[in-house]
Amino acid sequence: MKNVYLLGATGSIGKQVLDIIDNNPLDFHIVTLTANTDLDGMSALINKYHPKYVAMGQEEAANILRIRHPQTEIGHDTLGLIKAATLNPEDHEGLLVNALVGMCGLVPTIKAVEIGRSIALANKETLVIGGDLIMPLAKKHHVNIFPIDSEHSAIWQCLHDEDINSVKNLIITASGGAFRDLSRDQLESVTAEAALKHPNWSMGAKITIDCATMINKGFEVIEAHHLFGLPITKIKTILHKESYVHSLVEFIDGSIIAQMAEHDMRIPISYALFYPQRKLNSVPALSLSEIGKLSFAAIDLNRYPCLGYAYEALEKGGLYPCVLNAANEAAVQLFIEHKIAFLDIETIIRGQMDHVDNILNPTLEDLLKMDASVKEAVFITTLK
Ligand code: NAD
Ligand code: MG
């Protein structure tokens, strides 16, 4: 039985992690759980799983929860997330599942790596911002980082036992998001509600908007660079509207291996939780005869500039990926709150990336400082 330390238990990925654990009760034991503000959601989870420790994003939420659950130890904020990620530091068989959204996942991930805990990682922003710090640290502490993101799970499965030197390209597929059939002109008036309707996947709000701008694909390029140690020139993207091919690996001999499955996150989550085993699940089988045809097309960077910004950030390195992410997090928040238009998201990111005083090997403190200052700049300049 594996101990699980789950950050972001009330989110889209977190709930699916718990669904898999519920279906395999002899394989996992929940030790810690975290959520941001969802009091009722967390109350229900405490009653069901009796975790040893719980953390909430905000102190007020933690205070209310402490009254409801006096037997449970409850923390809050970054220190709470760190404790939830690193409780029982001697438990090296335990697994941290990071299903947080945004940069709040960075510090708890680093702290878990430092105690030698393996990580199943959904929280891609963590690698986007801190991949240069985390991957060498993971190597030093012999920590496995198992990707949950479907594209990276696909690449991981395709690379199985292959020599990384025989890889020509990683090819990451993109659905195109909610507005893939709209022109740039039509994008000027789209709403947050429309952006939140993804054609293929049901996910949390931020990643759904990130899919519509295609910055999500850019984050995945950066994530793939860190996870698989390949240079930017070997990481390609391709439009594949059906989302059945989750990514591909092209080898130097001309072979391309793809991983295919229904678009259901329980498959990559399950692969990360049970690795190296595969486990039976309730996801319907993919019927190729019913699907009939698959389509692939090049991605137009004029149509999706945010994808280009991500390649640029990775190439420039240092603080650039942090700035890209911070500007996006702030802009997406403003868009969801109806304070800016959809196309303002890319303008805000561009504006912040045009004014970076770069440092090539930033420390964690440098990254945290830059994240805070970019977000503040976006909020101040946009809301003045
Ligand atoms: P979500 O918004 O549904 O859930 C996020 C979770 O993080 C919630 O439990 C929330 O309470 C918690 N959280 C948010 N801000 C917090 C804070 N400041 N402090 C503490 N907790 C906080 O998001 P999601 O769709 O589950 O995505 C989670 C991560 O997985 C993201 O990085 C996303 O890009 C990635 N991902 C998601 C999917 C998907 O299908 N949902 C697929 C691939 C990758
Ligand atoms: Mg993905």
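Bear in mind that the values in this text are calculations on the coordinates, not laboratory data. Keep in mind the model is a prediction, meaning the values are calculated, not measured. With ideal geometry, Cβ positions are generated from the backbone for all residues, glycine too; neighbour counts draw on all protein chains shown.
Summary of computed values
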read-out: Separation of the Lys339 and Lys197 label points, Cα + 7 Å toward Cβ, nm; value: 2.7 nm
read-out: Extension gain, Lys236 back to Asp91 (0.36 nm per residue minus Cα-Cα distance, nm); value: 48.4 nm
read-out: Gained length - Val283 relative to Asp181, 0.36 nm times residue gap less alpha-carbon distance; value: 33.9 nm
read-out: Neighbour-count ranking [beta-carbon atoms within 10 angstrom, fewest first] of Ile20, Ile119, Ile207, Ile46; value: Ile46, Ile20, Ile207, Ile119
read-out: Pairs beyond 28 Å (Cα-Cα), from Lys241/Lys384; Lys217/Lys293; Lys168/Lys316; value: Lys241/Lys384
read-out: Trypsin sites (Lys or Arg not before Pro) lying in DSSP loop within segment 217-319, provided at most 16 other Cβ fall within 10 Å; value: Arg278, Lys279, Lys293, Arg303
read-out: Candidate lysines - alpha carbon under 22 Å from Lys15, same-chain residues fewer than 8 apart omitted; value: Lys2, Lys48, Lys52, Lys83, Lys124, Lys197, Lys206, Lys279
read-out: Value of Rg/Rh across segment 163-383 [Cα atoms, Kirkwood radius]; value: 0.98
read-out: Segment 1-84: trypsin sites (Lys or Arg not before Pro) in DSSP loop, at most 14 other beta carbons within 10 Å; value: none
read-out: Qualifying aspartates and glutamates (Cα of each under 12 Å from Cα of Lys139; at least 8 residues distant if same chain); value: Glu114
read-out: Candidates Phe274, Phe335, Phe219: whichever shows maximal mean-square fluctuation once the chain is modelled as a Gaussian network with Cα springs under 10 Å; value: Phe274
read-out: Translational diffusion of segment 2-147, µm² s⁻¹ [Kirkwood Rh, Cα pairs; Stokes-Einstein; 25 °C; 0.890 mPa s]; value: 164 µm²/s
read-out: Value of Rg to Rh for the chain (Rh from inverse mean 1/r over Cα pairs, i.e. Kirkwood); value: 0.95
read-out: Cβ-Cβ FRET estimate between Ser295 and Asn144, R0 fixed at 35 Å, reported to 0.05; value: 0.50
read-out: Mean residue ellipticity (222 nm) of the chain, computed from DSSP H runs ≥ 4 via -39,500 (n - 2.57), nearest 500; value: -14500 deg cm²/dmol
read-out: Pair Lys316, His160: separation of 7 Å Cα→Cβ label points (nm); value: 4.0 nm
read-out: For the chain, built as a Gaussian network whose Cα springs stay under 10 Å, the top-fluctuating residue of Gln333, Gln186, Gln352; value: Gln186
read-out: Most mobile of Ala258, Ala326, Ala122 in a GNM of the chain (Cα contacts under 10 Å); value: Ala258
read-out: Computed lengthening from Ser189 to Glu59, 0.36 nm per intervening residue step minus Cα-Cα distance; value: 43.0 nm
